[in-house]
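Participant: Let me begin by handing over the structure; questions about it come next.
The values are calculated or read from the model by the stated rules, or taken from the named source; none is laboratory data. Quick caveat, the model's predicted, so the values are computed rather than measured. Cβ atoms come from the backbone with ideal geometry, glycine included; neighbour counts cover every protein chain shown. When the accessible area is computed, the model is the full protein with side chains, heavy atoms only, and any ligands, DNA or RNA have been set aside. Shrake-Rupley method; radii C 1.70, N 1.55, O 1.52, S 1.80 Å.
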Amino acid sequence: YKSLPLIGLTAFIIGLVLTMQLHPTMVYYGIESKIPAMVGVAIIREIGPILTSLIFAGKIGSSIGAELGSMKVTEQIDAMEVSGTNPFKYLVVTRVLACTLMLPVLVMLGDAVSLYGAYLGVNIHSNTSFVLYWTQVFDNLSFNDVLPAFTKTFFFGFAVGIIGCYKGFNSSKGTEGVGRSANSAVVMSSIMIFVIDLLAVQVTDLLGFN
């Protein structure tokens, strides 16, 4: 929940800027009225999930890597094993489940904020009512747009959680290793998000969702 303000602010700005950048081109081709539809599809299908997941990876992935890395180098994980507690169960499973289940919620909230930012962007150059804007957005969205975008966020969350835990658990060389674990967790999570997104697009295309 502490990620929500950062994700909300970023999503709002992206929605606003995207609309403002699209406006001159859409006016040039005489399809200014299609801006809400285009922005809605772009945010729901791709921009919202990817942007939110990358911020999530930077904030939560690094936090998990640093926290578990610190526990590793200070031998807290070894102490749990000696005391008969399964560190994988208490340290890894809980974090991976939290990432997997909560990232989709953050994506939905980020999409909503981004679409509201786009609404304000539309009204900078024209006077579109709130009801008309949302009607245009939802009329141009289909089940095939929403379901694949929502489903792949579970995989994004799982990747961020499992990579952060793996890097933290394999941290070494004292405090220097903790920093490296946090950094590599963010980098690897970000790369994996793009790889999963690429695979998701290919799968949904084969299944006829596109």
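Participant: If contacts are Cα pairs under 8 angstrom and at least 6 residues apart, what is the relative contact order of the chain in percent?
Facilitator: The value is 37 percent.
Participant: For the stretch 1-73 and the stretch 181-208, what is the separation of their C-alpha centers, rounded to whole Å?
Facilitator: 16 Å
Participant: I need the peptides 37-49, 8-20 ranked by packing, meaning the mean over residues of other C-beta atoms within 10 angstrom, with the highest value on top.
Facilitator: Taking the mean over residues of other Cβ atoms within 10 Å, the ranking is 37-49, 8-20.
Participant: What residues of the stretch 126-147 lie in the reach of a label at Ala42, counting those whose backbone N is under 15 Å from a point 7 Å from the Cα along Cα→Cβ?
Facilitator: Correct set: 137.
Participant: At 7 Å along the Cα-to-beta-carbon direction for both Gln202 and Glu75, put a label point, then send me their distance in nm to one decimal.
Facilitator: Result: 4.7 nm between the two label points.
Participant: OK, next. Heads up, I need the accessible area for Lys173: 1.4 angstrom probe, whole protein in place, Å², nearest 10.
Facilitator: Looks like 150 Å² after rounding.
Participant: Calculated FRET efficiency, Leu97 and Arg180, Cβ-Cβ r, R0 22 Å, to nearest 0.05?
Facilitator: Result of the calculation: an efficiency of 0.30.
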